[in-house]
């Protein structure tokens, strides 16, 4: 009996120890599970920060839910249409039809999300076509394209890194749920573990797609970048070649300017040559740049053929002015500094050429005999279109090396004056004051013999006499400075008047009126005071 009691006591003790151990284990497991749940909450907060991927996945789940609800509603609507005799069925059918429209609209918006949870995130940004780089300005477009595709690729890689981080978090959650299931056989943890496993599979599949797409995308970016850099390199080399060629042109024309400066002593000729060199230089540079980037010469000829006709009509005056400028510059008929006379619109302008541009000549009007007798004003800046050389009268008083012109003074003496003596005095005076200009003109004409056919090269003063209404006109012609004709004219005029007044047998004539007064008074042909019958 005692033996049985001892056995029973031992069995009770063992059972009590097992119960105590089991209670202690349950308490330990509960603490461990709570710690795991706290860790899961922290992981869920980190997962929530990956808004891009989780939002896309949430949208995908929403689309599935909407599709499921829409399917159930359509099934219910189909049933109600067959059994719509009751008023309640009719009301439910109307409500479901309205709800079907709403869900159908949502399903249409989420159609793409329903097929793939990450369709927008899996596709990298489109690279697009390679830009055509055919001139220096396209280089900036090429550089911008490289920056853009590299930025898009960097963004895609960051998206991939974010997905990798998210997958690591989901794996930790899955492993934690597995550990919880070892401690607690509650079905809810098993369900959560299945949800997380399914979610993890979705993201892992997305990662494999992103990894493959990133590799292909990277190769395409590299190929496109190499092609763009190659085109940029071609344009840079072309630009360098053009720059070197332009520098050579600048150097050649610089030497031409030095040569012109050395061999052209006349400042006016040097000025015109300098402008012609500058125009030729910049025209040549423009042509070099133009033909360097010309791909199709035949296309250029066609374009210029059509454009020239329109330009010739629409810009006829400008075109003729440029053509006139070429005639003036290369023909050498007018130079800067020359004194010219231009007849425009019935007016005559005499002045000095200050500038000759491709479109017009600029003239400074001087005080001349024309200004005194015709215009009664001077000092104006006159702009003469270059096409006037073809249509209007332009006289050059200082063409080539000539700097003198013929000028004349006319003084009328009475018929009874000593005409020969008057002509001799006028000749001596003009010879005295124009001698320096006569010698200069003689040398200038000798230089022009090689260029022009000169028959009459007499440069001595010339005296002519003409019969006028009130006497004999003594015309004295002499050579004078083309830029100061009025000065010498004033001096010679006064000298001749004083010389004529000093002679007793020379009288200067001027318009006079003779009054004849008769002595006595003529009587009428009939007796005064008598009446005429």
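Every number in this text was worked out from the coordinates using simple rules, so none of it is lab data. All values derive from a computational prediction rather than experimental measurement. Cβ coordinates were reconstructed from backbone atoms using ideal geometry, including for glycine residues, and neighbour counts include every protein chain displayed.
Give the separation of the Cα centroids, segment 208-270 to segment 372-399, in Å.
47
Residue 261 versus residue 230, label points 7 Å from Cα toward the beta carbon: distance in nm?
About 4.9 nm separates the two model spin labels.
Let's test the formula: R0 of 41 Å, r as the Cβ-Cβ distance of residue 486 and residue 420. What FRET efficiency results, to the nearest 0.05?
Working: r = 29 Å, r/R0 = 0.71.
In this case the efficiency is close to 0.90.
Could you tell me the extents of segment 312-396's C-alpha atoms along the three principal axes, largest first, rounded to whole Å?
Its Cα atoms span 40, 24, 17 Å along the three principal axes.
Round to the nearest 0.05 the FRET efficiency obtained for residue 237 and residue 132 when R0 = 30 Å and r is the Cβ-Cβ distance. Show your work: numbers first, answer last.
Numbers: r = 17 Å, r/R0 = 0.57.
FRET efficiency, residue 237 to residue 132: 0.95.
Residue 316 to residue 473: extension gain in nm, 0.36 nm per residue of separation minus the Cα-Cα distance? Provide the component values of the computation, followed by the final result.
Numbers: separation 157, 0.36 × 157 = 56.52 nm, distance 4.98 nm.
Here the segment from residue 316 to residue 473 would lengthen by 51.5 nm.
Assuming R0 = 30 Å, can you tell me the calculated FRET efficiency for the pair residue 195 and residue 78, based on Cβ-Cβ distance, to the nearest 0.05?
Numbers: r = 32 Å, r/R0 = 1.06.
Calculated value: 0.40.
In nm, to one decimal, how far is the residue 246 label point from the residue 390 one, both placed 7 Å along Cα→Cβ?
About 3.3 nm separates the two model spin labels.
Fewest first, what order do 223, 389 take by the number of other Cβ atoms within 10 Å? Can you show the working numbers first?
Working: 223 12, 389 22.
The most exposed by this proxy come first: 223, 389.
Over all Cα pairs of segment 350-410, how is the pair count split among 10 Å bins, expressed in % and running from 0 up to the last occupied bin?
The calculated distribution, bin by bin, is 19, 47, 31, 3, 0.
Kirkwood Rh over Cα pairs of segment 404-501 into Stokes-Einstein at 37 °C, 0.692 mPa s: D in µm²/s?
230
For segment 123-270, what does the alpha-carbon gyration tensor say about shape, rounded, prolate or oblate, given a ≥ b ≥ c as the root eigenvalues, a/c under 1.5 as rounded, and a/b over b/c as prolate? Kindly include the intermediate steps, with their values, before the conclusion.
Values: a/c = 7.79, a/b = 5.70, b/c = 1.37.
Here segment 123-270 falls in the prolate category.
What's the extension gain from residue 148 to residue 288 if we count 0.36 nm per residue and subtract their Cα-Cα distance?
47.0 nm
Using a 7 Å offset from the Cα along the Cα-to-Cβ direction at both residue 341 and residue 254, what is the distance between the two label points in nm, to one decimal?
If labels sit at residue 341 and residue 254, their model points lie 4.7 nm apart.
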